[in-house]
Amino acid sequence: MIIAIDGPAAAGKGELTRRLAAHFDLARLDTGLLYRAVGWRVLAEGRDPADVAAAVAAAKTLIPAHLDEPELRTEAAGSAASKVAAIPAVRAALLDFQRDFAARPPLGKTGAILDGRDIGTVICPDAPVKLFLTARPEIRAERRAKELQAKGTEAIGSAVLRDMMERDARDRERSVAPLEPAQDAFVLDTSDMDADAVFAAALDYISRKFV
Ligand code: DC
């Protein structure tokens, strides 16, 4: 079983992925973390995330321990991630790891769930289940601002919205693996749904698919 979850930031991918992974006992990979780790390493070296040589070197030398840094959850890491993610050689360097994870899930699991921007289109185009979550930008910015505030980070809604629109545009308009639903993805607008309703809709879709 392979489940692909894609969509823009704060559409509800992380929570849905965690719940589906627990429900179906799947190995889970948050692929955004890979790009965040690359972006963060470039920033830590004092380099620009758009610097191709620095970003490619960071991607090629990425090891699992780099994924544990708490700073990867910051908005600075998210923005740097979106910049390194537009570089084709960075995406190429991270491809095998993601495909291997889906083909041979770790921890003795018999299936995997991956979430990101290009899972259904590029990483696992043959995944039997593809979900694309989306939501209105204002709602996503409000959710992200609340998440940040809950972690004690000061967050102003309008600034979060501006940064998110900028990141969405970069992710959608890049030339390689742009953010878009796969043709056979189930698209779910979560604007007016809570996490329970999103999980129920996903389970309903999956059960209908396998009848
Ligand atoms: O899901 P996230 O916010 O952690 O992702 C951070 C950035 O990484 C996102 O703006 C674009 C990039 N990304 C990507 O290009 N492809 C993926 N599969 C996952 C993330």
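Taken over region 1-147, the ratio of Cα radius of gyration to 2.2 N^0.38 Å equals 1.02. Scattering from the C-alpha atoms of region 132-175 alone, worked out with Debye: what is log10 I(q)/I(0) at q = 0.20, 0.23, 0.33 1/Å? Taken in order of the listed q values, log10 I(q)/I(0) reads -0.64, -0.78, -1.12.
Here is the link list: Lys13/Lys151; Lys109/Lys130; Lys109/Lys209; Lys151/Lys209. Which ones come out longer than 26 Å on Cα distance? Listed pairs above 26 Å: Lys151/Lys209. For the set Met164, Met193, Met1, solvent exposure ranked by accessible area (probe 1.4 Å, protein chains only) runs largest to smallest as Met1, Met193, Met164.
Surface composition of the chain: carbon and sulfur atoms hold 55% of the protein heavy-atom accessible area at a 1.4 Å probe.
One chain, two ends: Val187 and Phe210. Fully extended at 0.36 nm per residue, the span grows by 6.5 nm beyond their Cα-Cα distance. Solvent exposure of the chain amounts to 49 Å² per residue of accessible area, where only protein heavy atoms count and the probe is 1.4 Å.
Compare the peptides 48-56, 128-136, 67-75 by average per-residue count of other Cβ atoms within 10 angstrom and give them in order, highest first.
128-136, 48-56, 67-75
Kirkwood hydrodynamic radius of region 56-211, from the reciprocal of the average inverse Cα-Cα distance over all distinct pairs: 17.5 Å.
Quick check: Cα centre of region 15-49 to Cα centre of region 146-164, how many Å? About 19 Å separates the Cα centre of region 15-49 from the one of region 146-164.
If R0 is taken as 25 Å, the Cβ-Cβ distance between Phe97 and Glu173 corresponds to a FRET efficiency of 0.50. Spin-label model, Leu107 to Lys60: label points 7 Å out along the Cα-to-beta-carbon direction sit 3.2 nm apart.
The values are calculated or read from the model by the stated rules, or taken from the named source; none is laboratory data. The structure presented is a predicted model; accordingly, all values stated were derived computationally and were not measured. Here Cβ is always computed from backbone atoms with ideal geometry, including for glycine, and neighbour counts include all displayed protein chains. The protein model used for the area step is the full one, side chains on, heavy atoms only, and it has no ligands, DNA or RNA in it. Shrake-Rupley method; radii C 1.70, N 1.55, O 1.52, S 1.80 Å.
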